[in-house]
Each structure stands twice: as C-alpha cells, then as structure tokens.
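Every number in this text was worked out from the coordinates using simple rules, so none of it is lab data. These numbers were taken from a predicted model, which means no experiment stands behind them. Here the Cβ positions follow ideal geometry from the backbone for every residue, glycine too, while neighbour counts run over all protein chains shown.
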Amino acid sequence: MFTARTMSEKYEANRSICKYVHSTSAGHEAIQIAAGMLLKACDYVSPYYRDDSMMLAMGYAPKTLMLQLLAKGDDPFSGGRSYYCHPSGRQPGKPTIPHQSSATGMQVIPTTGMAQGVQYLENAGLLDSTDKPVVLCSLGDGSVTEGEVSEALQFAVLKNLPIIYLVQDNEWGISVSAEEARVMDAFEYAAGFKGLERIRVDGSDFEASYHAMESAIRYVRSARKPVLVHATTPLLGHHTSGVRKEWYRTAEDYAKHVSRDPLPRLKQLLADQSDIRLIEEEAIIEVNEAFEEAVNSPDPAISTVKGHVFAPTPVTEETGTRTPAGGSKVVMVDAALHAIEEIMSVYPESILFGQDVGRRLGGVFREAATLAEKFGDHRVFNTAIQEAYIIGSTAGLSAVGVKPIVEVQFADYIYPGFNQLVTEISKSCYLSVGKFPVQTLIRIPIGAYGGGGPYHSGCIESTLLTIKGIKVCYPSNAADLKGLMKAAFLDPNPVIMLEHKGLYWSKVPGTLEAMTIEPSSDYILPLGKGNTVTSADEGMTIVTYGMGVYWAKAAAAKFPGRVEIIDLRTLYPLDEELVFSSVRKLGKCLVLTEEQLTNSFAESFAARISKACFRWLDAPVYTLGALDLPAVPLNMTLEKEMLPTADKVTECVREILEF
C-alpha cells in the first residue's frame, strides 16, 4: 500500500515528466490490494484506470506500470499506445488481463463476455484449467449509470455467470457528486437484478476488504454465480492529473475523505507486527529506482506505429471447390446457413447468438434455422434486445478462447452496439500490441426492398468503414457468401458480414444469379479479393457490390461488350488493384452504391480512383447512389424513387460512354 502511495506522490512531484494523463489509486488501495492478492493465475480480471494498487497486488512491478505511465516503447501492455493503468497481459503466474478501454462502464460488457466464455468452455469440457476461474470486473460507481452496465448485469444474472463486479465508490464522477448523479448507489441498484448477490464493505478498511473479497471470490468460484461488491472509498488524489481536485472540491469535502485514508489505518493494524519504517524506506528506494529507469527507457520507435492493427490471417488464397460437379443451386440465405453449420460441426468452441436466432424461430429470415436443434441451446441461443451486449461480449468471449458468431437483426439496429464496436473491439489488437485481437463474426442483414421501411432498410457500410480495426464483407451471391463466411470465421480479427435481404431468396426481379451452385464444405474465399463479373475491351468500368451488381448487370446488357463490372465482395480490405487496372484499361468509371451518396464510401473510393488513375481517365469518375434522404420511405413507389434502379444505372452508363 505504501508503494502505491509513494508512486502517486512521485508522479505528482514530477508533473512535467509525467505529462500524459493518469489517475492513481490514492484512497482506494485497501480494496484493490485485497482483490489483487486473492486472484489466481487461472482467473481473468478487468481493472479500471485507477487500479494501480490492484496491479501491484497481482505481482506487477512499479517499473512495469511506470513504463505505461510514460508511454515508453518497453511498456509491455500497449507499447506506449495507451494510458496509465490500461493493462493487457497473458503473463504466466498472473491473472489474464484482456485489453482495457478507458473503462467508464464500457468494459463491463466485454468482461461479462469473458465470464460467459468461461462458463461455456467449462460446461463443454473445453476449459484448459483444473481450477475454476472467476472473472473480476472493476469499475467506479459513477459508471454504473451507463446503460451498458445494465445490459451486462442482466445477462450475468440470467445466465448465472462466474463474475465479481467490484464497484469502487468514492462519491465523485470527476466534478459530479453522487447526489447530483444518482438516486441510489450500486449496492442499492443491484437489488433490482433478481439473483445478483450483493456485498457492501468499507473499502478503506483492509481487513474488512480482504474478508469481503475472499467471501465474494469463494462464492463465485464454488456457486458459479455473479456477485456485486460495493466498496466505499475516499478519493485522496485528483480525478486525473489533468483534472485537479482543487478545481471543484471544497476543503471540507477533502478533509472528510482524508479522515478515511486507508494507509494510517493499516499502519495502526500492523504497528506491533512489522518494522513499518523499514518497509517504507525500501518502498521509497524501489519507487525511485523504478522511476529513474522508466524515465530513461526509450520511446517507441516510429516504425512501430502501424503495427498490430490486425493479427495475421491464415486465409490468403482461395481454396477448395467453388463449383462441385453435380452440385445444386442454393439461395444466399441457405448458403450462409450451411456455412455456419459446417463451421459449428468442426469447431466446438464456436457459438451463435442474437435476437431470435434460437430454436423457436431460427432467425427472422430463417438464416439460423435448425442450428439449435443440431448443436444445442447452449451453442445457439436467443438474447434479449441488447445490441451492445451482443456485439461487445464477443471481445471477452474471444479473449478466453471462444469463437463467437453473432447477429444484429437489421443493419438499422447496429447503432446501440456501435460504442462497443468502436471503443472495445476495433482497438483491442492495436492497443494490446497484438496480444488480444478480437475474433468475432458479426452477421448483419442489410438493404432495402419491397417496402421494408425506414427502420429495416438502411445501409451502414460507410459508417462502418470509418472504424479502423475491423473488416467488412458485402457479398452478392451464394458462393461468395459461403466462401467469405468461412474466411471471416477463420480470421482472428473482427469481421462484419453484410448480407443483403433482397438477395437472400433472389425474389427481387433480376437477381436470380445470386443463386449459385453451392460450394463444397472446403471452399474458402479470402477477404480482399474482388471479382470481374463481366469483361470488356473498350468502354467503361462499373465498380459496385451487393445489390448494385444486379443493377449493373441489367444496365450492361444494354451495351454489349462495353461495360466491365467489378464486384468488390469485401469493402475492407479492398481490392484496389483490380479496380485500378480495369479503370486504367478502359478510361471511364462509375462507382455504384445503394447508400445515400453524399459523403459515402462510394464517393470516397471514387476520389481514390481519380487520383490513382488520373493519367488514364477519359472522363470524370462518376458516382451513383440513393437520394440523400434520412430514411428509406415505407411506400414502395417512394422507395423506388429514392434507390438506384437498373434504368437509372442505364442512363448514367449511357452518359459516361458518350462523354
């Protein structure tokens, strides 16, 4: 405890050196040390940004923490990429710590996903441990008001997950007091989750904290059910180094917190048992030496800045039989279903969940039909309406070795899960310097047809493509969908599979060719490989994907031999060279999308084509997409007016060819 306090004081005394924003555990040390001491190497833990005392108790050296404080190249957690006490590690003899975000509630879903994964592996006989791991999620009381915390608690109680939620309550959320922010504390709030055990403890009393955490961990390790520990603590330091306590706290408030300082209480407890002065002298020497060594450590090499955006994928070449002799044609929705079935037959660590994908319905498009019957309700199951949990839990599942496939029911419903996708999933590999890529396959039905209306017809690819650290597929036919599904599952990185609802059964006029001979079970199509659908020796190129392929084919039929169509198949990674070579050959280009056009991926890619192919162009690079409306109208006449059509593409092609 004295070591942690000395570190905090050292940082404060060297503010010009400790220039990156940081928080310390001053006042919280007792509960954190108790928790850290009681965890085993088989356990999983998600510390929050004030948990440096917990890190010390788990066996991390002061220098290790300081390397991250100073954003040094030897920082083992993030290589100088993330803040102090944002650890990640798989060190032998210590609990596993997956990638940590800034932890104001967002980490609770991925950490609950870890507990979900531990439970699944344990029940399936796949757990690589003779012990029974527990998961510890640490958070501040101020973050409990986040809606995503509620999603996580609901799931943990519903599924009886082996997780401890350690809530540290210092009565402040930056400058917002408890009285301003909440009508109840976390202990009282947890009473609303039937079946969630609760413990309240004075987190500044080490003995009480140790016994409380010992009881909580013992309960979860044996009963395999969740518990919430609400620990009251003083806040003795600043919120962060950049938000100073004197800016918003009164002298009276600070004095009240100082009166509960855990360090004098521990000294009093140990007064007759230890040479406290010697312990303190040794801690001061250790901290001073560690700080000097950390300060003198090299900064990250500039050459490392681009590393670990993604983990290497094993799928780099097209393999297997795409068109087996004697094969039968299959619609896209069945190709996807069969791909998932083949995956789950081979990989027992794979699971599938989302809204309505379970046994009773098998997906609103029947895209998961019969899977629960074949693999069991423990592997294929429904969730509540909670897109944040569906998406964010996959980060924790992946960290413990489960390979999740999840579904967001419609593209329009992605937005409640967007925070998890951006904050947790996309950044995990990069900020953990490759230790924790998130292996997840997220299926999303997308697109408009037949009067789906404003909340079931949207396109989201441009929004997704602003996120770095994820991959995005958008196939246009059954064979591509099946091959890409296999590659996406095998990819150790997060992959989003956009599946056009209008192509699922080829019911939209002109889309029969979305049905293909079903590839063999060994067929794999790597991401980032486009396809030349039709070739031309003169004329122009249409670059498109999804439903756009069929509008383009209908238009191209009006200009025989003059239109080359490139189906991108994946939007990130993108097969730019295939596109550039076609445009350089033909000199004219149209980028076609179903999305609203302004500021879209299509416009962005058109600009890149213009730059890369400028010397070969005989006309501006054209773009065509939907009208810039905030939603797709329900009325089918209005829907048709908004969207591209074969006729609209035909007129655009004619204009380009005549340019």
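Pairs from the list Lys40/Lys435; Lys374/Lys553; Lys72/Lys94 with a Cα-Cα gap above 27 Å: Lys374/Lys553. Each peptide among 71-80, 300-309 gets the average number of other Cβ atoms lying within 10 Å of its residues, and from highest to lowest they stand as 71-80, 300-309. Legend: calculated FRET efficiency, Lys374 to Thr466, from the Cβ-Cβ distance at R0 = 30 Å, rounded to 0.05, equals 0.20. Multiplying the residue separation of Glu122 and Ala223 by 0.36 nm and removing their Cα-Cα distance gives an extension gain of 35.0 nm. For the pair the range 285-342 and the range 573-590, the centres of their Cα atoms are 27 angstrom apart.
Taken over the alpha carbons of the chain as equal point scatterers, the Debye sum produces base-10 log I(q)/I(0) values at 0.06, 0.09, 0.12 Å⁻¹ of -0.39, -0.80, -1.19. A protection proxy built from the mean count of other Cβ atoms within 10 Å ranks the segments 462-470, 57-65, most packed first, as 57-65, 462-470.
The sum of -39500 (n - 2.57) across all DSSP H runs of n ≥ 4, divided by the residue count of the chain, sets its helix-only mean residue ellipticity at 222 nm to -10500 deg cm²/dmol. Mean projected area of the convex hull spanned by the Cα atoms of the range 329-517, taken over all viewing directions: 10.1 nm².
Along the chain, counting only GluC sites (Glu not before Pro) with a DSSP assignment other than H, G, I, E or B and at most 14 other Cβ atoms inside a 10 Å radius, the longest segment between sites is 1-316. How far apart, in nanometres, would the label points at Tyr455 and Glu289 be if each is projected 7 angstrom from Cα along the Cα-to-Cβ direction? Taking the two extended label points, one gets 6.3 nm. Could you calculate the FRET efficiency of Asp299 with Arg608 from 1/(1 + (r/R0)^6), where r is the beta carbon distance between them and R0 is 25 Å, rounded to 0.05? That pair, Asp299 with Arg608, gives E of 0.15. The label-point distance for Glu658 and Asp537, in a model that sets each label 7 Å from Cα toward Cβ, rounds to 2.6 nm. When Ser506, Ser129, Ser457 are arranged by Cβ crowding within 10 Å, least crowded first, meaning fewest neighbours, the order is Ser129, Ser506, Ser457. For the range 532-657, the gyration tensor built on C-alpha atoms gives a prolate shape. Its axis ratio a/c (a ≥ b ≥ c) is at least 1.5, and a/b is the larger of a/b and b/c.
In summary, the helical segments of the chain meeting the span-like criteria, namely a full DSSP H run, a Cα extent along the axis of 24 angstrom or more and a mean Kyte-Doolittle hydropathy of at least -0.5, are 206-223, 276-295.
Extension gain for Glu188-Asp618 works out to 147.8 nm (0.36 nm per residue, less the C-alpha to C-alpha distance).
A Förster radius of 25 Å combined with the Cβ-Cβ distance from Ala181 to Ala208 puts the calculated FRET efficiency at roughly 0.45.
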